[in-house]
1. Considering segment 264-291 alone, what residues qualify as being open to solvent by 10 Å² or more (accessible area, probe 1.4 Å), in contact with a Lys or Arg (Cβ under 9 Å, 6 or more places away or on another chain) and either part of a helix (DSSP H, G or I) or of a type in the set (A, V, I, L, M, F, W, C) (or both)?
2. Restricting attention to segment 109-151, which residues are of a type outside the set (Asp, Glu) and free of Cβ contacts under 8 Å to residues at least 24 places away in the same chain?
3. Just to be sure I understand, how many residues within segment 1-56 are within 16 Å of ligand 2 (Cβ to nearest atom) and open to solvent by 70 Å² or more (accessible area, probe 1.4 Å)?
4. Just checking, which of Lys79, Lys120 is buried (at least 18 other Cβ atoms within 10 Å of the Cβ) and out of contact with any Gly (no Cβ under 7 Å at 6 or more places or on another chain)?
5. Taking Leu228 as meeting all but one of (1) within 18 Å of Trp139 (Cα to Cα); (2) among the aliphatic types (A, V, I, L, M); (3) in a loop (DSSP other than H, G, I, E, B), write down the number of the exception.
6. Looking at Ala181, Ala226, can you tell me which residue is within 15 Å of ligand 1 (Cβ to nearest atom) and either open to solvent by 30 Å² or more (accessible area, probe 1.4 Å) or not assigned by TED's automatic domain parsing to the domain that holds Asp250 (or both)?
7. On the given criteria, is Tyr312 assigned to a helix (DSSP H, G or I) and among the aromatic types (Phe, Trp, Tyr)?
8. If the requirement is being aliphatic (A, V, I, L, M), out of contact with any Cys (no Cβ under 6 Å at 6 or more places or on another chain) and in a strand (DSSP E or B), which of these qualifies: Leu167, Leu182?
Amino acid sequence: MSDLYTPKPEHKFTFGLWTVGSVGADPFGQPVRPSLTPVQLVHILAEVGAYGVNFHDNDLVPIDATPSERDQTVRDFRKALQETGLVVPMATTNLFSDPIFKDGAFTSNDARVRLYALQKVMRGMDLGAELGAKVYVFWGGREGVESDSTKNPADGIKRMREALDYLCEYNLDQGYGYRFALEAKPNEPRGDIYLPTTGAMLGFIATLAHPDMVGVNPEMAHEHMAGLNFLHAVAQAWEAGKLFHIDLNDQNYVRFDQDWRFGTQNWKQAFFLVKFLEDVGYDGSRHFDAHAFRTEDLEGVKDFAAGCMRTYLIFKEKARQFNQDQEIQSLLKEIQAENTALGDLQGPYTREKAAALKAFVFDRKEIASKGLQYERLDQWVTDLLMGLR
Ligand code: GCO
Ligand code: MN
Ligand code: MN
C-alpha cells in the first residue's frame, strides 16, 4: 500500500553500490556478509523502492578487468537498469583503496601517482557518462597526511587545483556536461585530509579555472565528525548555488565515520536538514551514503535502505506540519517581524544613511529586555517530532 512514507521516483532517493553492497568489514573485523554483484544490488535497490544507484569505477568494474570484461560488466549492469527502471545520477572514482594511493592521489608526492589518478578519473568519467551520470563526485579520502613533515599543505592544495582544472578541461573537451561535486571530510583514512570541511571546499572552488562547473557534495557524518552544524554547511552551499549533491547518513558527533542509517541518531538535525532541502526546493539526488549495522544479514540491509528513505519522508511530513502549524507560524511571524519604525536607516549603504545611523541613539536596555520565546518554539519542535502536536 502506498502512503506518504512510501518512496517514489520523484523523491530522488539514491544509494551507492558500496552502501547496500557493504560487507561489513572494519579495521578490527572481517566481512560479515557475502559480497553481491552490481546486478544483484540493483535489484535489491529496486525492491526497496530507490530511484537511482551510484558507483565508484571499481564498484562496477574491478581495477584489473580487461577491456572485454569491462564491456560485459557494463552490458549486464545496463540490462539490470533497464529491467528495474533505476537510473545512475552520479558516478565517482575510487582514489583510495589501491595501495598506489597510500600517500594520496592528486596530492601524492609522486608525479606518477598523480598522473595515474588523472587517468583513472578520466576513465571513470567515461564510464559514468556511458551510463547517464550527470554529477561526478570527488572525495579525496587519501589527500592528506599523517605528518606535515612530508608535504607542504599549500602544495597539496595547489596540486588539487591543477588536477581539477585539468579534469574540467576534459569534461568540456568530451562534452560530458558533468557537474563536479567536491566532498570534504576532516580525517579518516588520513590523519588529516586537506580541505576538511564543506566551507573549505567552497573557498577552494572560487580559485579554480572553471568555478561554475564545480560545487560540493556535503556529507552529514563528515561535518558531524568535526563537531560542526551540517545544516549550516548545506545552507552555505545552497546560498552560493553550489549544492550539486548531498550525502545523507548519521552518526554521533566527533567520532570516526560511522555511516549509519539516516536519522539513526540526531533527529533534530535531520529534521531541520530535510525541512531546509524541501523548503528551498533542492531538486538533486537525496543520496544515502551509509551502510547497515555490522549485525545485519541481507534482510537487515534492506531494512536499513528502506529505513533511510522512510525516515526522510517522515521528516518531510513533519516539515509540512511545521509550516502549517498556526501557533508555530504566528510565533515565527512575531519573532521575525521587520521593525518598520527604523525605515530610513535600513537598506544599502549611502553616505547620508551612514551619517544618520552613526548619530542615532539606540535604547539598548529596552531592546535587550524583550524575551524572545525561543524556548517555547524549540519545545514545540520537540513536541512535533515526538508526535504530540
Ligand atoms: C567515506 C566517503 C565516501 C564517498 C564516496 C563517494 O567517508 O568513505 O563518504 O563514501 O562519499 O567515496 O565519493
Ligand atoms: Mn563518509
Ligand atoms: Mn560520502
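1. Lys275, Glu278
2. At the first step, the residues of segment 109-151 found to be of a type outside the set (Asp, Glu) are 109, 111-125, 127-129, 131-142, 144-145, 147, 149-151.
Selection gives Ala111, Arg112, Val113, Leu115, Tyr116, Gln119, Ser149.
3. First, pick out the residues of segment 1-56 that are within 16 Å of ligand 2 (Cβ to nearest atom): 14-22, 24-27, 54-56.
Remaining after also requiring open to solvent by 70 Å² or more (accessible area, probe 1.4 Å): 27.
Of the residues in segment 1-56, 1 are within 16 Å of ligand 2 (Cβ to nearest atom) and open to solvent by 70 Å² or more (accessible area, probe 1.4 Å).
4. Working: Lys79 fails: buried (at least 18 other Cβ atoms within 10 Å of the Cβ).
Result: Lys120 is the single residue among Lys79, Lys120 that is buried (at least 18 other Cβ atoms within 10 Å of the Cβ) and out of contact with any Gly (no Cβ under 7 Å at 6 or more places or on another chain).
5. (1)
6. Ala226
7. Yes.
8. Numbers: Leu167 fails: in a strand (DSSP E or B).
Among Leu167, Leu182, only Leu182 is aliphatic (A, V, I, L, M), out of contact with any Cys (no Cβ under 6 Å at 6 or more places or on another chain) and in a strand (DSSP E or B).
The values are calculated or read from the model by the stated rules, or taken from the named source; none is laboratory data. Values in this document were obtained by computation on a predicted structure and should not be read as measured data. Note that each Cβ is placed from the backbone with ideal geometry, even for glycine, and that neighbours are counted across all protein chains shown. The accessibility values were calculated without ligands, DNA or RNA, using every heavy atom of the protein model including side chains. Shrake-Rupley method; radii C 1.70, N 1.55, O 1.52, S 1.80 Å.
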